[in-house]
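Enquirer: First the structure, which I've put down as structure tokens, then a few questions once you've had a look.
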Amino acid sequence: MMFRINSLHVSYGGIMALDGVDCAVNEGEIVCLIGGNGAGKSTLLRAVSGLVKPAGGTIYFNNLNITNLPPYKIVPTGISHSPEGRKVFAALTVEENLIMGAYALSHIDYDVLRFIYDLFPRLKERRKQTAGTLSGGEQQMLAIGRSLMSKPKLLLLDEPSLGLAPLVSKEVFSHIKRINETQKISILLVEQNAAAALKLSHRGYVLEVGKVVLSGSSEELFDSPLLKESYLGKKR
Amino acid sequence: MKKYFLVLIMILILFCACNRKTSNEFVVGVQAPITGEYASEGQGMSNAVKLIVQQQNDEGGLNGVMIKVITCDDEGSPQKASICAKKLVNDGAKVVIGSYTSTATAASQEIYANASVIQTSDATAAVLTQGNYKTYFRASFNDDIEGEFTANYFVNVKKYGNIAIISDYSSFSSGLAGAVVKNIGLLGGNIVCNEKIDANAQDFKAVLTKIKALNPDVIYFSGYYTQSGLLRAQQVQLDIQADYVGGNATDNPQFIEIAGEQNAIDSYLVGLPVPEQLDYPEALKFNSDYLREYKAPVPSIWTVINADGLRVVFEAMKQVNTNDTIAAIEHIKGGMKDFRGLTGPITIQRNGERAGSIYRVNVINSDLDYETVYYDPVSGK
Amino acid sequence: MDIFSQQLINGLTYGSLLGFIALGYTMVYGILNLINFAHGDMVTLAAFLAITIAPLAVAAGTLAMIITLAAVVVSVCIIAILLEKIAYKPLRAAPRLSLIVSALGAGMVIKNAIMLIWGANPRIFPRNLFPAGLAKFSDISVSYLSVIILLLNILVMLTLYIFINKTRVGIAIKALSTDYSVAELMGVNVNNTVMIVFLIGGGVGALGGMLIGASYTTVTFSMGFDYGIKAFIAAILGGIGSIPGAMFGGLLLGLTYTFCSGYVSSAWANTVTYLLLIILLIFRPNGLFGRSLVQKV
């Protein structure tokens, strides 16, 4: 197993955001985290990338204990985190944003840059524009592209469809699938749109107030009564 | 930030005010800029007072009472000056020597007057004797007298055609420049410009360049030696062919250092004699006692004038046979004539001003020594 | 015409000194959104360090100048880094106001330490540190030092501009100034990068302090306040955060002040200068080179 979290605890000022979470991602897998607001999904990603310090538990990546490493030491191990709300560097150009993505590498891999421009031709067209002038969907593509620049083995994607029109969301999801298939990058996906997320992923975990309440293959989760009731809504 | 600091000091003073002591000592206070820009002057004042007091104590004190000196650092600033004045009054001072700057002196006058504390200082601003504070007098001469002397030298002695005046915003410097300008006007001299500089700045080339265009025969500056040295250096740098004359606050050894030795040569200083130029026996003794005690020469004439102020008070108290401050100040302002001061005969007028003048013009010669080129025509040497 | 040219030179010299100090404010502000009020006192510290180090370096003969410059710049850089570690780093997540108070406090500590170590009297700056002398063109005098100051200013500005826009660390600094945590996610070592920014600010400030000392020969422990506040205004005028802005803001302030003193009234120079600059800011609130960052959310 390439990536494994054991009994992870995170607290913000005394409030438990994660209360003993176990979770794993295998090579080549897309795994999604499903849950309502405040369930702890984003916190889990932030703990993995080192932005918050866990109060307990361990995180292993390729047999390396990365639990208490600072972010700048985690990125080079092959984990890349695309944060919620895209957070592109608005004042920098599209290309400068992508170059920033490769900061952790000693040099820029132009094959990766070419792959990103192939995947998102609109980024290539606008590569001299400042990122602040892009549309929401383009910014999301830039955010994903930027996180690919560090050549990760595991990509953490936080709410890639947030605030995007349904058609654009669909496009983003198809890109994610393509990245997973062609680049052999494992993906840990946080997504509010549970149906779309399950359709995309191999396995999933359901989080409620900091605990995993259900896990299994996407098919199993799709059919589970809990999910049907709380997250999938009426049958479409 | 400064404000909070002041509040803090105020609180501390309130605490100190509680332990007011009464004792058999006669307390002499020194309010002087011990730190800050004028520190060397302030420390000279404090040293001189301690020396005079020590000599008086060696003679058995003042009318049989031993004398103690306490010092308060006002950094030359009016805010700190009033704090110092309250502190010294609270600590029982009967006579205060201070302060060096006119602004700091003015800020403390009322407090001393209300407490019947005799105050004397080397400050020269004309306003200091215009408040009619009964306990204030000075052994120095006010700026109007220096203004008159300077104007006479420029117009009647040197016969300068074009005169350029520079001052800063301090009350001392603008007061002195005002007196010079007024008296040059009375004598019919020609002032081509009257400029201001910001004493916090160091670059005065803009003003000097403007003056250069007016072809002056003389540039006169009424402020302190720090800016004066810079002005002289920048005048030379800009190649302005005019005499440079500084007022009495230019008279400080650091003027030469700041201007640079080569630049300082041929600068004129209007002012009082330097300590080494005083040849009265009392002055020679004071200079050598000071050198022996502090292993350094007397820093400036202001030190000697402050020593004279204290000597006048002691002499008056001896003559009236009491250490009562009211009786002593009455005697100083009415009774004493031609006291043998370190700086020449001293007579204090009813308004607290010293009669006569001891001004002279010194030029810095190529050996970097002062050479007197002109004396006050009225009182002579 | 001679007088005008001379005033132009006066203004450029004074302005480039201010620009030098303004660079330090702008660098740190760009990253931390913090006005490093201790910067003016760091500049003063550099001048005093040079007073102490220069006589020690005399033994090295012709290399004395280089050794003094290097020693002062290195010392001030180290102190700048310590300043960041002690006064700013613990407060990085705190409200901006706490940081400003911490900056003011740090400035006072440095200023008073200078007074305690070197005394309260004005001190004379070593005269042999930079080439002295004058060039004369008909009636205009230009000191070699003022040429050095202007050239050094342009050189430092271009170097920093290229460093920020073209190098890996420079782009990281830019990224950091937009968003700390996202820059961290890219693998930027935040502590090291902030340290580099303070190092540059300190180094440039140290040069500025020594150039002030050499230009005016006297340095006082409290001079950092006046230079600091004027350089800060210069940085705002140029557009705070902009590197060319710092230099041009300094020049604009220096020239305006000089021409006001020379052609309007020396007594009213400060008043008129700052009035003009306020008017400029009304029409260009972000300064000459400042960009308002309109972000799409």
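The values are calculated or read from the model by the stated rules, or taken from the named source; none is laboratory data. Predicted model only: the values in this text are computed from it and were never measured. Here the Cβ is made from the backbone with ideal geometry for all residues, glycine too, and neighbour counts use every protein chain on show. Note: areas computed on protein heavy atoms with side chains; ligands, DNA, RNA excluded. Shrake-Rupley method; radii C 1.70, N 1.55, O 1.52, S 1.80 Å.
Enquirer: Name the residues in segment C:227-258 that are open to solvent by 10 Å² or more (accessible area, probe 1.4 Å) and at positive phi, would you?
Expert: C:G241
Enquirer: Quick check on my filter: what residues within segment A:70-90 are surrounded by fewer than 18 Cβ atoms within 10 Å (Cβ to Cβ) and either at the interface with chain C (Cβ under 7 Å from one of its Cβ atoms) or farther than 16 Å from A:P152 by Cβ (or both)?
Expert: Once the filter is applied, which keeps residues that are surrounded by fewer than 18 Cβ atoms within 10 Å (Cβ to Cβ) and either at the interface with chain C (Cβ under 7 Å from one of its Cβ atoms) or farther than 16 Å from A:P152 by Cβ (or both), segment A:70-90 yields A:P70, A:P76, A:E84, A:G85.
Enquirer: Further question: Restricted to segment C:215-226, and to residues that are of a type outside the set (A, V, I, L, M, F, W, C) and open to solvent by 10 Å² or more (accessible area, probe 1.4 Å), which residue is farthest from C:I173 (Cα to Cα)?
Expert: Residue satisfying both the conditions and the ranking: C:T217.
Enquirer: Exactly one of these conditions fails for C:N286: (1) in a loop (DSSP other than H, G, I, E, B); (2) open to solvent by 10 Å² or more (accessible area, probe 1.4 Å); (3) out of contact with any Ser or Thr (no Cβ under 6 Å at 6 or more places or on another chain). Give me its number.
Expert: Just one mismatch for C:N286, condition (3).
Enquirer: Consider only pairs whose beta carbons are under 8 Å apart and that are at least six residues apart or on different chains; among these, list those whose first residue lies in segment B:32-43 and is open to solvent by 40 Å² or more (accessible area, probe 1.4 Å) and whose second residue is aromatic (F, W, Y).
Expert: Final answer for the pair search is B:E37/B:Y224.
Enquirer: If C:N286 passes every condition in (1) within 11 Å of chain B (Cβ to nearest Cβ); (2) in contact with a Gly (Cβ under 6 Å, 6 or more places away or on another chain); (3) not small (G, A, S) but one, which one does it miss?
Expert: (1)
Enquirer: If I ask for residues that are more than 11 Å from chain C (Cβ to nearest Cβ) and part of a helix (DSSP H, G or I), which ones from segment B:174-220 would you list?
Expert: B:G175, B:L176, B:A177, B:G178, B:A179, B:V180, B:V181, B:K182, B:N183, B:I184, B:G185, B:L186
Enquirer: Something else now. Which count do you get for residues in segment A:25-46 that are open to solvent by less than 10 Å² (accessible area, probe 1.4 Å) and of a type in the set (G, A, S)?
Expert: 3
Enquirer: Can you tell me which residue among A:E208, A:E220, A:E191 is surrounded by fewer than 15 Cβ atoms within 10 Å (Cβ to Cβ) and of a type in the set (D, E)?
Expert: On the way: A:E208 fails: surrounded by fewer than 15 Cβ atoms within 10 Å (Cβ to Cβ); A:E191 fails: surrounded by fewer than 15 Cβ atoms within 10 Å (Cβ to Cβ).
Within the list A:E208, A:E220, A:E191, the selection yields A:E220.
Enquirer: Only one residue in B:S99, B:S173 is assigned by TED's automatic domain parsing to the domain that holds B:G247, under 14 Å from the mean Cα position of the chain (by Cα) and of a type outside the set (V, I, T). Which one?
Expert: B:S173
Enquirer: State which residue is farthest from A:P152 (Cα to Cα) when the search covers only segment A:94-103 and only residues that are more than 8 Å from chain C (Cβ to nearest Cβ) and open to solvent by less than 30 Å² (accessible area, probe 1.4 Å).
Expert: Top of the filtered list is A:V94.
Enquirer: Does segment B:253-272 hold any residues that are touching a Gly at 6+ places or on another chain (Cβ under 9 Å) and either in a loop (DSSP other than H, G, I, E, B) or hydroxyl-bearing (S, T, Y) (or both), and which are they? It would help to see each step written out before you state the result.
Expert: Kept after step one, since they are touching a Gly at 6+ places or on another chain (Cβ under 9 Å), are these residues of segment B:253-272: B:254-260, B:263-264, B:267-271.
Result: B:G260, B:S267, B:Y268.
Enquirer: If I filter segment C:113-123 down to residues being surrounded by fewer than 16 Cβ atoms within 10 Å (Cβ to Cβ) and at the interface with chain B (Cβ under 10 Å from one of its Cβ atoms), which single residue comes out as farthest from B:Q237 (Cα to Cα)?
Expert: First pass over segment C:113-123, keeping only residues surrounded by fewer than 16 Cβ atoms within 10 Å (Cβ to Cβ): C:113, C:116-117, C:119.
Narrowing further to those that are at the interface with chain B (Cβ under 10 Å from one of its Cβ atoms): C:116, C:119.
Working: C:L116: 33, C:G119: 29 Å.
Per the stated criteria, the residue is C:L116.
Enquirer: Out of all the residues in segment C:204-214, which are open to solvent by 10 Å² or more (accessible area, probe 1.4 Å) and under 15 Å from the mean Cα position of the chain (by Cα)?
Expert: C:V204, C:L207
Enquirer: Out of C:A175, C:A132, report the one residue that is touching a helix residue (DSSP H, G or I) at 6+ places or on another chain (Cβ under 6 Å) and either within 14 Å of chain A (Cβ to nearest Cβ) or in contact (Cβ under 8 Å) with a residue 12 or more places away in the chain (or both).
Expert: When all the criteria are applied, what remains is C:A175.
Enquirer: Just to be sure, is A:G14 at positive phi, within 14 Å of another protein chain (Cβ to nearest Cβ) and free of Cβ contacts under 8 Å to residues at least 40 places away in the same chain?
Expert: Spelling it out, it is not the case that A:G14 is at positive phi, within 14 Å of another protein chain (Cβ to nearest Cβ) and free of Cβ contacts under 8 Å to residues at least 40 places away in the same chain.
Enquirer: Further question on the same structure: Just need a number here: residues in segment C:33-56 that are buried (at least 22 other Cβ atoms within 10 Å of the Cβ) and in a helix (DSSP H, G or I).
Expert: 13
Enquirer: I've got another one for you. Identify the single condition in (1) at the interface with another protein chain (Cβ under 10 Å from one of its Cβ atoms); (2) under 30 Å from A:S218 (Cα atoms) that A:G35 does not satisfy, given that it satisfies every other one.
Expert: Of the numbered conditions (1) at the interface with another protein chain (Cβ under 10 Å from one of its Cβ atoms); (2) under 30 Å from A:S218 (Cα atoms), the odd one out for A:G35 is (1).
Enquirer: So which of B:F141, B:F154 ends up being open to solvent by less than 10 Å² (accessible area, probe 1.4 Å) and within 15 Å of the chain's Cα centre (by Cα)?
Expert: Of B:F141, B:F154, the one residue that is open to solvent by less than 10 Å² (accessible area, probe 1.4 Å) and within 15 Å of the chain's Cα centre (by Cα) is B:F141.
Enquirer: Conditions first: (1) small (G, A, S); (2) open to solvent by less than 60 Å² (accessible area, probe 1.4 Å); (3) modelled with pLDDT of 90 or more. A:A196 passes all but one, so which condition is the exception?
Expert: Every listed condition holds for A:A196 apart from (3).
Enquirer: Within the bounds of segment C:265-273, is there any residue that is part of a loop (DSSP other than H, G, I, E, B), at the interface with another protein chain (Cβ under 10 Å from one of its Cβ atoms), open to solvent by 30 Å² or more (accessible area, probe 1.4 Å) and among the hydrophobic types (A, V, I, L, M, F, W, C)?
Expert: yes
Enquirer: Moving on. How many residues does segment C:198-234 hold that are part of a helix (DSSP H, G or I), within 8 Å of chain B (Cβ to nearest Cβ) and in contact with a strand residue (DSSP E or B) (Cβ under 9 Å, 6 or more places away or on another chain)?
Expert: 2
Enquirer: May I pose another question? For segment A:120-178, what are the residues that are closer than 20 Å to A:E96 by Cβ, open to solvent by 20 Å² or more (accessible area, probe 1.4 Å) and part of a helix (DSSP H, G or I)?
Expert: The answer is A:P121, A:R122, A:K124, A:E125, A:T133, A:G136.
Enquirer: So which of B:V313, B:V363 ends up being open to solvent by less than 60 Å² (accessible area, probe 1.4 Å) and over 26 Å from B:G246 (Cβ atoms)?
Expert: Exactly one of B:V313, B:V363 is open to solvent by less than 60 Å² (accessible area, probe 1.4 Å) and over 26 Å from B:G246 (Cβ atoms), namely B:V313.
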